[in-house]
Amino acid sequence: MEAKFKLGEFLPFRLNVLAQTVSEQLSAIYAARFNLDIPQWRILANLASRGDMTAQDIARITYSHKSTISRAVQELEDRGLIARKVSSSDKRSFTLALTSEGRRLFRQLLPLVLDFERNLIASLSDADARALLKGLAGLEAALLGPEGSTK
C-alpha cells in the first residue's frame, strides 16, 4: 500500500510546497529592499488592506503562531511602522495601526508585490490562470466557508 502512495502527487503536500515557495520568493523582494521578514510583511499587508486590527486577529487570519506575530509586531513598532492604540471596546486590549511611515513604506512596496503576482499568473496560460483562480476560490469556500479568512 505505501509503495503506491506518491507524495509528490498528494494535493495537500503540493499546495504546501507551492505556498512556501511562493512566500519565500515574494519575501526576497521585500527583505532586501525594505528589511522585512514574512511575518512583518503579513502584518503590514493586513493592516493596509483591512485597517486597524489586534495582533490576535492577525495571528488567526494568517495562521501564524501568536509568539511569531508578537515578535514581528514589536520589531515593526520599534521601527516606527506600526503603533498600538488602546481598544475602544476593551481598555485592556489594543489594536495595531500603520503609522504614516508604515503607510509610506507600504505604498512603495505594493507595486513590487503586485508585479510579482502578475508575473506569477502570467507564467500560466489564460485558461490555466482562470482555472487556478476558480479552483482556489472553490477550495477556499469548501475549507474556509463562504467568506474565507483571506478575503
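Rule-based calculations on the coordinates, nothing more; no lab input. Since the structure is predicted, the reported quantities are computational estimates derived from the model, not experimental observations. Because the Cβ atoms are built from the backbone with ideal geometry, glycine has one as well, and the counts that use them run over all protein chains shown.
Largest mean-square fluctuation among A59, A31, A137, in a Gaussian network model of the chain whose springs join Cα atoms under 10 Å apart, belongs to A137.
Amide H contacts of I82: E77, T99, each under 5 Å away and 5 or more positions distant or on a separate chain (H built 1.01 Å from N in the peptide plane; Pro and chain starts excluded). Please report the relative contact order for segment 55-94, taking Cα pairs under 8 Å with a sequence separation of at least 6, and give it as a percent rounded to a whole number. After rounding, I find 22 percent. Projecting the Cα positions of S88, L18, L7 onto the charge dipole of the chain (unit charges on Cβ atoms of Lys, Arg, Asp and Glu, taken about the Cα centre) puts S88 furthest along the positive direction. 3J(HN,Hα) couplings calculated from phi for segment 138-145 with the Karplus curve 6.51 cos²θ - 1.76 cosθ + 1.60 (θ = phi - 60°) are, in sequence order, x, 5, 4, 5, 5, 9, 10, x Hz; Gly and Pro show x. Placing a label point 7 Å from the Cα of A31 along the Cα-to-Cβ direction, the residues of segment 37-74 with a backbone N closer than 13 Å are 37-41.
With contacts taken as Cα pairs under 8 Å and at least 6 residues apart, segment 2-144 reaches a relative contact order of 18 percent. Taking Cα centre as origin and charging only the Cβ of basic (Lys, Arg, +1) and acidic (Asp, Glu, -1) residues, the dipole magnitude of the chain rounds to 340 debye.
Projecting the Cα atoms of Y30, L47, S64 onto the charge dipole of segment 2-144, computed from C-beta unit charges around the Cα centre, puts L47 farthest toward the positive end.
Each residue of segment 25-34 was assigned a 3J(HN,Hα) from its phi angle through the Karplus curve 6.51 cos²θ - 1.76 cosθ + 1.60 (θ = phi - 60°); the sequence is 5, 5, 5, 4, 5, 8, 6, 5, 8, 10 Hz, with glycine and proline shown as x.
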